[in-house]
Amino acid sequence: MAATAYSTAVLGAAGARLPAVPAAAPPTVRLPPRSFSPLRLQDAPRLSLLRVKASSDDTSTSAASGDELVDDLKAKWDAVENKSTVLTYAAGAIVATWFSSVVVGAVNSLPLLPKIMELVGLGYTGWFVYRYLLFKESRKQLADDVDSLKKSIAGTEAE
């Protein structure tokens, strides 16, 4: 082994070696005793109340309904006279959804405005419950309004 100038100066010219130090044992870690008893099976809630039964399901009905849905959509698309208008409205709806997402993100980044909007939403929800859901007569009026709106959208209402 080649001796360096530093080791020669420290250990002397004879090249005496330092005594070997035995490897120290890793320190032991003592955990505090547990203050709770481990969960025992008799302490656990009865699992027999929750039972799952596997059964075979006939998937041909769901596949048939999916095929019916696709056939129905194809028939409705073929019945559309002005396809470009429908595609324009669909593209406009996608752009409007994206734009509203951008606006909501910008409003959400303002420090106080999201909390104010949350309060406005809670206030409107409270008003809606009081106005339409709390009393029987107002619930009937709401149901009538919803039915008339569905009829006007579907085009079944007599004008």
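For the stretch 120-143, filtering for residues that are in a helix (DSSP H, G or I) and open to solvent by 70 Å² or more (accessible area, probe 1.4 Å) leaves 13.
Selection within the stretch 107-117: residues that are assigned to a helix (DSSP H, G or I) and open to solvent by 100 Å² or more (accessible area, probe 1.4 Å). The member of this set that is nearest to residue 142 (Cα to Cα) is 117. Being free of Cβ contacts under 8 Å to residues at least 40 places away in the same chain, in contact with a Leu (Cβ under 6 Å, 6 or more places away or on another chain) and surrounded by 11 or more Cβ atoms within 10 Å (Cβ to Cβ): is that true of residue 86 here? Considered against the rule, which asks whether it is free of Cβ contacts under 8 Å to residues at least 40 places away in the same chain, in contact with a Leu (Cβ under 6 Å, 6 or more places away or on another chain) and surrounded by 11 or more Cβ atoms within 10 Å (Cβ to Cβ), residue 86 comes out as no.
Scanning the stretch 64-106 for residues that are part of a loop (DSSP other than H, G, I, E, B) and of a type in the set (A, V, I, L, M) gives a single hit, 80. Filtered by the rule that a residue be surrounded by 11 or more Cβ atoms within 10 Å (Cβ to Cβ) and part of a helix (DSSP H, G or I), the stretch 147-159 gives 147, 148, 149, 150, 151, 152.
Considering every residue within the stretch 6-18, establish whether at least one is open to solvent by 100 Å² or more (accessible area, probe 1.4 Å), outside any loop (DSSP other than H, G, I, E, B) and modelled with pLDDT under 60. So far as the stretch 6-18 goes, yes, one or more of its residues are open to solvent by 100 Å² or more (accessible area, probe 1.4 Å), outside any loop (DSSP other than H, G, I, E, B) and modelled with pLDDT under 60.
The values are calculated or read from the model by the stated rules, or taken from the named source; none is laboratory data. Worth saying up front: this structure is predicted, and the values here are computed from it rather than measured. Cβ coordinates were reconstructed from backbone atoms using ideal geometry, including for glycine residues, and neighbour counts include every protein chain displayed. Surface areas here come from the heavy atoms of the whole protein model, side chains and all, with no ligands, DNA or RNA. Shrake-Rupley method; radii C 1.70, N 1.55, O 1.52, S 1.80 Å.
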